[in-house]
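S.K.: First the structure, then my questions, so here it is.
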Amino acid sequence: MRNCLILGSGRSGTSLVTGMLAKSGYFMGHNLSQETESNAITNFEDIEVNRINEALLAQAVPKRPRVIGKWVYKERPVQWQRWLARVPLGTEIPAIPSETYKIKKLVGTEPYCFKDPRLSYVLPVWRPLLKDNTVFICVFRDPVTTAQSMLKLSRKASHLQDLKLTFEHAIEVWTLMYQHIIELHRKEGEWLFLHHQQTLTSEGLERLRCFTGANTDSSILDSSYYKSLSINPPSYASQLVYQQLCNLAGYQDASLISQESVCNPS
């Protein structure tokens, strides 16, 4: 099996893809998050991986003032909320020696498979520490459905309720994460792009199996958790990024076809 990292915006189906690989023998961390209100299935994220990436992102996103932050700047994510950060392209995220040491320990156990939305931003810190045969899987779904799922979770999860997340902010999170992947990260290494709808098919499972060399488990599939709204993205930037992702995944979305923005299979 090939070592792999799974990237993509939160609420985009990354947990489902990671779950398909969970029984294949991958090391996914020592302390996986348990099932919560945020997922019908466990999210298969290691708390140590999350903590490392939170520390890295804390250097790059504006901080919320400790005292007045209770009333203002509430759109700025704090600890455990930075998977909803908006990090512009070109933002430098420095390595932290104490955190790179932890990454080295994690990737010392092979084969590994780590998943965290924050990796969409901090991959450059991880990349020099990864084993040579590490591959990358980018999972996505349409930005409108994803943004609405983010908003629903932000109202429901206790650790997110003090974050002022708007629909426009959520769309920007989605757009920026995938811009980092498309414009920066995919220039190096082997990548598999999967629309979440593809993961619900035998063809998608086979692509995942062939790419990773791992056995895939379809027993956790439940398409009811992953319905798309099939409506057009609300901004030109997100529409352009979504079309690029569809092209890379070889997926056709009727909402893009309807406005003559066709996602042609690669």
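The values are calculated or read from the model by the stated rules, or taken from the named source; none is laboratory data. Only a predicted model underlies this, so the values are computations on that prediction, with no experimental measurement involved. Quick reminder, even Gly has a Cβ in these numbers, built from the backbone with ideal geometry, and neighbours come from all protein chains shown.
S.K.: Can you tell me which residue is surrounded by the most Cβ atoms within 10 Å (Cβ to Cβ) among those in the stretch 38-50 that are at pLDDT 80 or above and more than 17 Å from S120 (Cβ to Cβ)?
M.R.: Per the stated criteria, the residue is E48.
S.K.: Mind telling me which of the residues E183, E203, E172, E190 ends up being over 25 Å from R127 (Cβ atoms) and either over 15 Å from the mean Cα position of the chain (by Cα) or of a type outside the set (F, W, Y) (or both)?
M.R.: Of the residues listed, the single one that is over 25 Å from R127 (Cβ atoms) and either over 15 Å from the mean Cα position of the chain (by Cα) or of a type outside the set (F, W, Y) (or both) is E203.
S.K.: Also: Among the residues in the stretch 168-176, are any of a type in the set (S, T, Y) and over 30 Å from G25 (Cβ atoms)?
M.R.: yes
S.K.: Going by the structure shown, is V122 more than 26 Å from N247 (Cβ to Cβ) and either touching a residue at least 40 places away in the same chain (Cβ under 8 Å) or touching a Ser or Thr at 6+ places or on another chain (Cβ under 7 Å) (or both)?
M.R.: Answer is no for this residue.
S.K.: Hey, another quick one. Of all residues in the stretch 58-88, count the ones that are modelled with pLDDT of 95 or more and more than 22 Å from F167 (Cβ to Cβ).
M.R.: Total satisfying the criteria: 2.
S.K.: Any residue at all in the stretch 128-148 that is in contact (Cβ under 8 Å) with a residue 40 or more places away in the chain, assigned to a helix (DSSP H, G or I) and under 24 Å from I93 (Cα atoms)?
M.R.: no
S.K.: Go through the stretch 174-197 and report how many residues are closer than 14 Å to T14 by Cβ, outside any strand (DSSP E or B) and at pLDDT 95 or above.
M.R.: Looking only at that region, the number is 4.
S.K.: Could you check the stretch 209-218 and list, in sequence order, the residues that are surrounded by fewer than 21 Cβ atoms within 10 Å (Cβ to Cβ) and either on the phi > 0 side of the Ramachandran plot or outside any loop (DSSP other than H, G, I, E, B) (or both)?
M.R.: Correct list: R209, C210, F211, G213.
S.K.: Let me ask something else. Return yes or no: is I103 in contact with a helix residue (DSSP H, G or I) (Cβ under 8 Å, 6 or more places away or on another chain), of a type in the set (V, I, T) and in a helix (DSSP H, G or I)?
M.R.: When the stated conditions are applied, I103 passes them.
S.K.: So, in the stretch 104-123, of the ones that are touching an Asp or Glu at 6+ places or on another chain (Cβ under 8 Å) and among the charged types (D, E, K, R), which residue ends up surrounded by the fewest Cβ atoms within 10 Å (Cβ to Cβ)?
M.R.: Across the stretch 104-123, the extreme among qualifying residues is R118.
S.K.: Also, quick follow-up: Considering every residue within the stretch 15-32, establish whether at least one is closer than 19 Å to L151 by Cα, assigned to a loop (DSSP other than H, G, I, E, B) and either modelled with pLDDT of 95 or more or not aromatic (F, W, Y) (or both).
M.R.: No.
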